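Throughout, read-outs are computed from the coordinates displayed, never taken from laboratory work. Given the structure is predicted, the values throughout are model-derived calculations rather than measurements. We place every Cβ from the backbone using ideal geometry, glycine too, and count neighbours over all the protein chains shown.
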Amino acid sequence: MLATKLPAWEMKTKEDRDRIFKEQLDRAGVDYYDFYLLHSIEEGNIDTYEKLDCFNWGLKKKEEGKIRHFGFSFHGSPELLEKVLDEHPETEFVQIQLNYTDWNNPVVRSGKLYEILHERNIPMIIMEPVKGGTLASLKPELEEKYKTLRPEASVASWAFRFVASLPGVMTILSGMTHEDQMQDNINTFSHFEPLLDKEKAVVDEVTGIMLEIPQIGCTACKYCCDGCPKNISIPDVFRVINTMTLYNEDFRPRSFYNGLVNSGRGKAADCVACRQCEGVCPQHLPIIRLLKEAAEKLDQ
Ligand code: SF4
Ligand code: SF4
């Protein structure tokens, strides 16, 4: 199955839709895509998709056999999701960010997005099931809660099982980096077991404890990185700060940060507040302020 997306931020005219689509087909060496998405719909870009008539364009591509299934990925509010679905009932599927700590996150509101889609029987593709890797490695006392119930299971498998136990979930994008993560995911899904009620209660308990630890909600999507004039590896800086916060430990994250800077990446203190990054961050993070705070910890 092949999937790709049409990005609002690379289109100015209607001709750009076909230009981008043709490049995507050519690069992959195929005649059609199984799943094609309008990329990352949110309050800041829905007007571009509407102005360029991208929904009708997608339906036409489907009639032509160039797209098998047409939908969109979404990073906006529940209110916008309902509006888009009301106006475009042809939507076949929607990709949303969902994991157990974002279910009640007031910015992401995954639980509400899930409920809207589930009520309408719209299949979901799930992104960020392990929240950029943060749910694969927890504080030892939290991991212990999972290990007590299932000693052999990885911590990441709990995050996957939470998402995959929800009715209406069509597929889960795991965002793996290493082969051992792939193997772990294969193990989880080859012998898939939905969460039992007592396991769900433990996930709720872990979620409650985690939500009390303030963290930067960066999912490491890297959308902010390309345009940064100071070449700051923003998600890595936030990972360093989160690791220092979560594990009360600063030698390893600090040394990782120094390695980044020594390899030529900008320091947190180099930020010139141009705002390029904040305009593209799907998590709506106040990146400039967060980098300033990071600089106080890392660049003194
Ligand atoms: S605001 Fe700072 S971090 Fe963001 S793109 Fe500009 S220089 Fe880079
Ligand atoms: S765009 Fe936002 S969520 Fe994505 S890597 Fe950058 S700061 Fe993190």
- Per residue, the convex hull enclosing the alpha carbons of the stretch 1-87 has a volume in Å³ of 91 Å³
- If each of Leu80 and Arg27 carries a label point 7 Å out from its Cα toward its Cβ, how far apart are those two points in nm? 2.4 nm
- Query: Debye sum, Cα scatterers, the chain, no solvent: what log₁₀ I/I(0) at q = 0.09, 0.11, 0.15 1/Å?
  - Reply: -0.50, -0.75, -1.31
- Message: Could you check the spin-label model distance between Asn105 and Asn187? Points 7 Å from the Cα along Cα→Cβ, value in nm.
- Response: 2.6 nm
- Item | Under-5 Å amide H pairs with Leu6, H placed in peptide plane, nonlocal only | Leu37, Leu38, His39
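Taking every DSSP beta bridge that has both residues in the stretch 3-211, what percent is antiparallel when rounded to the nearest 5?
Among the beta bridges of the stretch 3-211, antiparallel pairing accounts for roughly 0 percent.
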- Mind sorting Val155, Val130, Val30 by how few other Cβ atoms lie within 10 Å of their own Cβ, fewest first? Val30, Val155, Val130
- Item | Sparse-neighbourhood loop sites, GluC sites (Glu not before Pro) in the stretch 21-71 - DSSP loop, at most 11 other Cβ within 10 angstrom | Glu64
- In nm, what is the difference between 0.36 nm times the number of residues separating Glu50 and Gln215 and their Cα-Cα distance? 55.9 nm
- Query: Exactly which GluC sites (Glu not before Pro) in the stretch 132-173 are in a DSSP loop and have at most 11 other Cβ atoms within 10 Å?
  - Reply: Glu152
- Task: Would you kindly derive the ³J(HN,Hα) couplings of the stretch 189-204 from the backbone phi angles with the Karplus curve 6.51 cos²θ - 1.76 cosθ + 1.60 (θ = phi - 60°), listing them in order in whole Hz, with x for Gly and Pro?
- Result: 8, 5, 10, 5, 10, x, 5, 7, 4, 5, 6, 4, 5, 5, 4, 4
- Do any cysteines in the chain lack another Cys Cβ under 4.7 Å, and if so which? Cys54, Cys218, Cys221, Cys225, Cys228, Cys271, Cys274, Cys281
- What percent do you get for the relative contact order of the chain when only Cα pairs under 8 Å and 6+ apart count? 12 percent
- Query: For the residues Ser233, Ser165, what sequence is obtained by ranking on other C-beta atoms within 10 Å, fewest first?
  - Reply: Ser165, Ser233
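Tell me the GluC sites (Glu not before Pro) within the stretch 178-245 that lie in a loop according to DSSP and have at most 15 other beta-carbon atoms within 10 Å. Write out the running numbers ahead of the final one.
Working: sites: Glu179, Glu199, Glu205, Glu212; in loops: Glu212.
Of the GluC sites (Glu not before Pro), the ones in loops of the stretch 178-245 whose Cβ has at most 15 other Cβ atoms within 10 Å are Glu212.
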- Please work out the Cα convex hull volume for the stretch 234-298 and give it in Å³ per residue. 81 Å³
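Determine the alpha carbon to alpha carbon distance for each of Lys147/Lys297; Lys5/Lys112; Lys198/Lys222; Lys61/Lys83; Lys222/Lys292 and list only those over 27 Å. Before the final figure, lay out the partial values.
Numbers: Lys147/Lys297 33 Å; Lys5/Lys112 24 Å; Lys198/Lys222 36 Å; Lys61/Lys83 23 Å; Lys222/Lys292 19 Å.
The pairs that break the limit, which is 27 Å between Cα atoms, are Lys147/Lys297; Lys198/Lys222.
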- Message: With the crude spin-label approximation of a point 7 Å out along Cα→Cβ, what separation in nm comes out for Arg275 versus His178?
- Response: 4.1 nm
- Exposure-ranked with fewest Cβ neighbours within 10 Å first, Met124, Met244, Met170 stand as Met170, Met244, Met124
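Sort the stretch 192-300 into rounded, prolate or oblate with this rule: let a ≥ b ≥ c be the square roots of the eigenvalues of the Cα gyration tensor; rounded if a/c is under 1.5, and if a/c is not under 1.5, prolate when a/b is larger than b/c, oblate otherwise.
Values: a/c = 2.42, a/b = 1.76, b/c = 1.37.
Note, shape of the stretch 192-300 comes out prolate.
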